Amino acid sequence: MFSLVNTDALRQVVPFLLFLFLAIPGYSQQNRQLSGKVIDTDTQEGLEYASVAVYSPSDSSLVAGGVTDSMGSFSLEVNPGTYFVRLRFIGYKERVLNGVQVGQAGASLGTLSLDLGEESLGEVVVAADKLAVRHQIDRQVYGTSDFQAAVGGTATDLLRNLPAMSVNAEGEISFRGTSGFVILIDGKPIQADAAGLLNQLPANAIEDIEVITSPSARFDPEGKAGIINIVTKKGATDGTYLLVNVLGGAPSLDLHGNERSPQRYGGDFTLSMKKNKWDISVGADYNRNDVAGYRDGQVETYLDNTVTSFPSVGERSYRKENYSGRALVGYTINPQHAINASAYGGTRVETRYADISYSQTRTRVGEETPFDALNYFNMNERERRSQFFVGSLDYTAVFANKSSLSVSGLYEYTNLTGPTRNLNLNPLNYADTLDYLAMDELNPLNGTRINVDYTLPLSASSALSTGYQYRHLRHVGEFAFRQKILGTGEFEEMPEFGSDIDLFRTIHAVYGEYQYRSEDLSVTAGLRVEDTDRRLDDYGQQQSYDLQLLNLFPSLSINYDTEKGITWKGSYSRRIERTTTSMMNPFLSRRHSEVLEVGDPELLPELVDAVEVGLVKNFERHSVFANAYYRRVRDAINRVNTVYNDSILLRVYTNAGVSQVYGAEAGADLEPTDNWKVYVGGTLYYFDLQGAAVGQQVRRNSWNYSFNVNSSWNLGKDWNLVFNLNYLSRIITVQGEDSRFFSPNTTLKKSLLGKRLDLALQWRNMGMGVLDSNRQRISGSGEGFFTSTHYIYERDVILLTASYRINQLSKKLNFTKSEFGDREF
């Protein structure tokens, strides 16, 4: 058994902290409180950071003041008496309440609405005219209405346009040069593979994307790159809301000689009904989004005084299909108590086809003529199928002292399967099979999460939050490898590749967090303590691997607003990137002809320290921001290659030392004219990795950058044109480099029927036969090998989307999402 923190004294801290944090709710203040909630008159939503000031009517002196919380609520301590109250918020008309009486028991002003100021109507009323980015104490919020190139697409298509965010040719999402995100759906944490989940989530259902770069202690500490919070569309206060979207794709213009033509079509709907105390929402979606592709590769190995070269060319395409259904039922018992239940289930299938022609030669070192040559055609098909069901139940309560309690539970069952078929055929006669390997896997997964959170207002401007979280995961893995007996229809088992494993992971966590807010200063400071037990049972080898961890995760965020309209911010947080089951599998798996893959059952999680400082300046129609950041990752996990034999590389997951990133990012949200908006953002960073991998010392470093441009034009008569560009520079990896990657897109949109119907024509991955868009070369080298592969995916994809809505939205549809299975997918 390995323990990163093997200290009994530290483990004794957990029960003490748990007692301390959960005992705090017993404390309550008996001070007189003047409370209320500030909302937007039109949307009926709470306004965060609205200013509330209480004045004495005799001399107009300030008695108390503060700002509203994330729900628009406020609570101020005042003595009994008569006052007048002034409510203010940027872009809204000021409101004054006279003759406010506060008695011995305090007073409640109820719900107070603010109207938009006439001078701000162009900025606020129309969603497309809002600033594309809004800055809060721990996050940057991006309104999706400004990124119309993603209409009909997925959340990934939206992320391509955000500053410091990039998506490479394989669909891997990175932020400031680092991958590894935790996904939240309307603030609800899930454990999911970012690329997989975001490729499934319809962009049409998303209102905002929040990039939380410095999460506080109340959030899960997972995700070395931070947290992406998906805020879904909002619905009517009372009544029925319906949103229907359909998508269809034109035939491929860039097929690359693929045997299969990609299919692209789909649709989704969301139906929401709210009446009195009941809130019911249902939704379903289907999406088929294939990708045509091609690859051109070169691999050389140097073994036993022989150079083996096997260049390859051929199809590398994907068939992607998703369908799911979801439901949410909410019941408000009374204004202080509410219950929500939700369910989510569906199927997700991704099949990768690699039909590759190889020309293998062996040449002795120092000679030019090969002494051996072999040509063969490799057909490799790998399917990943996930059938899942997730259910959750949540309860929230608000007490007389304005404290709040929330309790939530989640259960998930996911069955992951994925046959892989690898055939080597005679290129002159495909009926002549040279070799046939088959792998079958069965991976049922069970996951449970329980959260208890409590928040207690300490004063009008401060609060204390505490909580406890329990998580348990069990992931079974049964892997069988078989080889066909040539000349027969039978297969024989290959026990050296098969495996039977069982992964258990249990986490107990407690946290405490202090928040302070005034008109110009916001501070959040907290500490989270997590106790983790992980065990991997390898039944084939009759061996168990145990890991016990006790980790502290401190966090601090500070925002300060100056009189000149500049907001300064600074933050620090510690995070963790846990290992997935695939990284720990201790068996050899044959994913395709060139590579065997193996995990490390004793792989350590990555521990991350992140520091950030920055500023934001808002003008009447523009906004600019700049940040400097530093990130240090201990026990950095990398996937490295070694030589298995002269024609196969062995891919290994390993902890490769310490990586550091020093960087800066900047962005501008501009409105040069009434009909033209442009958003541009980018990042420049220095990456440095030091350590050891597969027995060799590693030192890799480079300067890297990425930028995004999104420009929209209002053409009049409800026509809009949008262009966006995502560019990612060349990046150094642990053994090589990834070439630059870019993707330009254009969308033309027409609104009809009073803007209830939107039609959009999209031109994605623009190439025009000239641009090398949507392609990337991945290269690497090490002791005894060199590899370089050019991944080329289709350009000039044409899509037509239609969206129709009945009624408007004002609530968030908080559907449950996969907690554990998406991460393993």
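The values are calculated or read from the model by the stated rules, or taken from the named source; none is laboratory data. On a predicted model such as this, the values are computed, not experimentally measured, just so you know. Note that we place each Cβ from the backbone using ideal geometry, even for glycine, and neighbour counts take in every protein chain shown.
Between Phe310, Phe377, Phe388, the distinction of being in contact with a helix residue (DSSP H, G or I) (Cβ under 6 Å, 6 or more places away or on another chain), closer than 30 Å to Arg590 by Cβ and surrounded by 15 or more Cβ atoms within 10 Å (Cβ to Cβ) belongs to Phe388 only.
The residues listed here are Leu393, Leu442, Leu405, Leu410; of these, the one that is within 30 Å of Glu259 (Cβ to Cβ) and among the hydrophobic types (A, V, I, L, M, F, W, C) is Leu442.
Here the strands (runs of 3 or more DSSP E) wholly within segment 205-301 that include at least 3 residues being touching a residue at least 24 places away in the same chain (Cβ under 8 Å) and within 30 Å of Asp609 (Cα to Cα) are 206-212, 227-232. Restricting attention to segment 39-93, the residues that are modelled with pLDDT under 80, hydroxyl-bearing (Ser, Thr, Tyr) and over 23 Å from Pro457 (Cα atoms) total 6.
A single entry from Val652, Val643, Val608 fulfils the requirement of being among the β-branched types (Val, Ile, Thr), under 24 Å from Tyr705 (Cβ atoms), modelled with pLDDT of 90 or more and in the same structural domain as Pro672 (by TED's automatic domain parsing): Val608. Quick one: is Leu393 more than 21 Å from Asn446 (Cβ to Cβ), without any contact (Cβ under 8 Å) to a residue 60 or more places away in the chain, among the aliphatic types (A, V, I, L, M) and assigned to a strand (DSSP E or B)? So Leu393 does not fit the description; no.
Taking only segment 685-715 into account, find how many residues are in a strand (DSSP E or B) and free of Cβ contacts under 8 Å to residues at least 24 places away in the same chain.
Going residue by residue through segment 685-715, those that are in a strand (DSSP E or B) are 685-693, 696-715.
Applying the additional criterion that residues be free of Cβ contacts under 8 Å to residues at least 24 places away in the same chain yields 697, 699, 703.
Of the residues in that region, 3 qualify.
So, of the residues in segment 378-390 that are touching an Asp or Glu at 6+ places or on another chain (Cβ under 8 Å) and touching a residue at least 60 places away in the same chain (Cβ under 8 Å), which turns out to be farthest from Arg319 (Cα to Cα)? Taking the candidates together, the pick is Val390.
Yes or no, residue by residue, for (1) assigned by TED's automatic domain parsing to the domain that holds Glu478; (2) modelled with pLDDT of 95 or more; (3) closer than 29 Å to Arg176 by Cβ; (4) not in a loop (DSSP other than H, G, I, E, B):
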residue	(1), (2), (3), (4)
Val529	yes, yes, yes, yes
Thr532	yes, yes, yes, yes
Gly540	yes, no, no, no
Leu547	yes, yes, yes, yes
Phe553	yes, yes, yes, yes
Arg591	yes, no, no, yes
Pro601	yes, no, no, no
Val613	yes, yes, yes, yes
Val616	yes, no, yes, yes
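Residues in segment 129-143: is at least one of a type in the set (Ser, Thr, Tyr), over 35 Å from the mean Cα position of the chain (by Cα) and modelled with pLDDT of 75 or more? No; the residues of segment 129-143 include none that is of a type in the set (Ser, Thr, Tyr), over 35 Å from the mean Cα position of the chain (by Cα) and modelled with pLDDT of 75 or more. Lys402 falls short on exactly one of the conditions (1) at positive phi; (2) exposed (fewer than 15 other Cβ atoms within 10 Å of the Cβ), and that condition is (2).
When you scan segment 292-307, how many residues do you find that are surrounded by fewer than 20 Cβ atoms within 10 Å (Cβ to Cβ) and in contact with a strand residue (DSSP E or B) (Cβ under 8 Å, 6 or more places away or on another chain)? The total comes to 8. Exactly one residue out of Leu503, Leu456 is farther than 30 Å from Ser544 by Cβ and touching a helix residue (DSSP H, G or I) at 6+ places or on another chain (Cβ under 9 Å), and it is Leu456. Annotation note: of Arg326, Arg348, the sole residue that is touching a helix residue (DSSP H, G or I) at 6+ places or on another chain (Cβ under 8 Å), under 25 Å from Arg384 (Cβ atoms) and at pLDDT below 95 is Arg348. Selection over segment 94-122 of residues that are assigned to a strand (DSSP E or B) and either at pLDDT 85 or above or farther than 30 Å from Thr673 by Cβ (or both) gives a count of 18. Please find, within segment 423-475, the residue that is modelled with the lowest pLDDT out of those that are crowded, with 16+ Cβ neighbours inside 10 Å and hydroxyl-bearing (Ser, Thr, Tyr). In this case the residue turns out to be Ser461. Scoring Lys277 on the criteria (1) more than 19 Å from Leu242 (Cβ to Cβ); (2) touching a helix residue (DSSP H, G or I) at 6+ places or on another chain (Cβ under 9 Å) leaves a single failure, condition (2). Summed over segment 688-712, residues that are among the hydrophobic types (A, V, I, L, M, F, W, C) and touching a Lys or Arg at 6+ places or on another chain (Cβ under 8 Å) total 1. Only one entry in Leu437, Leu442 is within 30 Å of the chain's Cα centre (by Cα), assigned to a strand (DSSP E or B) and either more than 26 Å from His592 (Cβ to Cβ) or assigned by TED's automatic domain parsing to the domain that holds Ile485 (or both), namely Leu442.
The residues in segment 766-775 that are within 18 Å of Pro251 (Cα to Cα) and either without any contact (Cβ under 8 Å) to a residue 40 or more places away in the chain or β-branched (Val, Ile, Thr) (or both) can be counted, and the count is 3. For segment 750-784, the candidate set comprises residues that are among the basic types (Lys, Arg) and either at pLDDT 90 or above or closer than 23 Å to Arg730 by Cα (or both); within that set, the residue that is surrounded by the most Cβ atoms within 10 Å (Cβ to Cβ) is Arg775. Filtering segment 344-374 to residues that are exposed (fewer than 14 other Cβ atoms within 10 Å of the Cβ) and within 32 Å of the chain's Cα centre (by Cα) leaves only Thr347.
For segment 232-266, which residues satisfy the criterion of being surrounded by 18 or more Cβ atoms within 10 Å (Cβ to Cβ) and modelled with pLDDT of 85 or more? It would help to see each step written out before you state the result.
Looking only at segment 232-266, we keep the residues that are surrounded by 18 or more Cβ atoms within 10 Å (Cβ to Cβ), and these are 232-235, 241, 243, 245, 247, 249, 252, 254, 258, 262, 264, 266.
Within segment 232-266, Leu243, Asn245, Leu247, Gly249, Ser252, Asp254, Asn258, Pro262, Arg264, Gly266 meet the criteria.
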